[in-house]
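Here's the structure, in structure tokens; my notes come after.
The values are calculated or read from the model by the stated rules, or taken from the named source; none is laboratory data. If you're wondering where the values come from, they're calculated on a predicted model, not measured in any experiment. With ideal geometry, Cβ positions are generated from the backbone for all residues, glycine too; neighbour counts draw on all protein chains shown.
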Amino acid sequence: MIENINLSDLENNQDLKKHFFTSNLNNLNERCTYFSGNFFLDPLNYYPITEEFKSFNQLFTRIDKNSVAHYHSDAFLNNLKNKLDSLKVFNDSCVIGSSPGNNYFSNLIHFLPRVFFENEKEVKVLVHRNLPTKFRSFMKYLYGLKNIKLTFAYLDDEFYKFKKSKIPQFLSTHSSINLLKSIRNIVPNNKVYEKIYVRREDANYRVILNESDLIDKLKKNGFYVINTSQYEILDQISFFINAKIVLSPYGSGLANIVFCNPATKIYEIGPHPIHVYDQILAKRYENLCKICNLDYHKFICDSVDVKNHNQISKKYIHESMLKDSNFFKNMILKLSDVDAILKKIQQPTDE
């Protein structure tokens, strides 16, 4: 089976140690370890496996993913060995990666911070084919600030072999946020609204079906209504930098709260968590608020079944979760809920 190597053991393994190097950002007090050489991986977990069938889960396990234990079974290794000759090969590449399901939260928090550590003047970056154009453009912009010439290559849902290539580790959430906050310095100050409501009318899940009841009252109370999917990423960030109050249904657009100023009030409207995996999802933005010193509040509302799930959801989300989790349903607000939200927001201080 594939052998996992702990970082402490690398010091005594010179053959493996030579494949690792570290990039430092002294101005931000951050560092990133890369694996460099030949390796295999798939773009679901981005978990590199060396030609000698070794792995390093302390560096390459995302905190939002399930266990990588299945990589360490005999069945997995035998299956990988059987298809080695048929794998597509990329040479001289850097695997930054992106969410195969095009999840903005994951792209922003887990993948984008890896671009900060690039030091070469030309780089071929591997991302999933589902990464949207606006995110590719934003990555080009960030590389361009360092005068790095960027070329994209694209991954599908297969296993690949990489030769003379490199992959950066996954960073902690604290480190990712620290890096992302540095973007604030380059964002144009062109979206100045103190109170914003982030709607999700074109999303697949957690759409508030009677949202117009809420929006009408929010506009009368000075809220500016946005849909983050309709804006370039720099413009999205600008909204959140300048906001003093953010109200939103649970959704990836809320990942932008990492750019908010400390003490910004964040009001999340979300479904009732039922299952263990729901509890993890339910804490996602609350945890970001704790790290960023934001004033977090939550409203729970009723869920409504979604009859037809799209193909991407069916492909990347377990069938039982799509069926049972309230996070893959839409939402509806009682009129009393709308009034409660407005009353809470209008309080000058929160006890």
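General observations
- Segment 86-111: number of residues that are over 22 Å from Tyr316 (Cα atoms) and free of Cβ contacts under 8 Å to residues at least 40 places away in the same chain: 1
- Residue match in segment 211-226 (condition: under 25 Å from Val304 (Cα atoms) and touching a His at 6+ places or on another chain (Cβ under 6 Å)): no
- Qualifying positions in segment 178-214 - among the small types (Gly, Ala, Ser), surrounded by 14 or more Cβ atoms within 10 Å (Cβ to Cβ) and more than 23 Å from Leu322 (Cβ to Cβ): Ser182
- Checking each residue in segment 215-251 for being within 19 Å of Leu112 (Cα to Cα), buried (at least 22 other Cβ atoms within 10 Å of the Cβ) and in contact with a Phe, Trp or Tyr (Cβ under 6 Å, 6 or more places away or on another chain) picks out Ile233, Ile237, Phe240.
- Odd one out for Arg206 among (1) in a loop (DSSP other than H, G, I, E, B); (2) under 20 Å from the mean Cα position of the chain (by Cα); (3) on the phi < 0 side of the Ramachandran plot: (3)
- Residue among Thr173, Thr133 that alone is among the polar types (S, T, N, Q) and without any contact (Cβ under 8 Å) to a residue 12 or more places away in the chain: Thr133
- Helices (runs of 4 or more DSSP H) enclosed by segment 1-85 - at least 1 residues per element that are under 30 Å from Asn185 (Cα atoms), assigned by TED's automatic domain parsing to the domain that holds His128 and touching a residue at least 24 places away in the same chain (Cβ under 8 Å): 57-60
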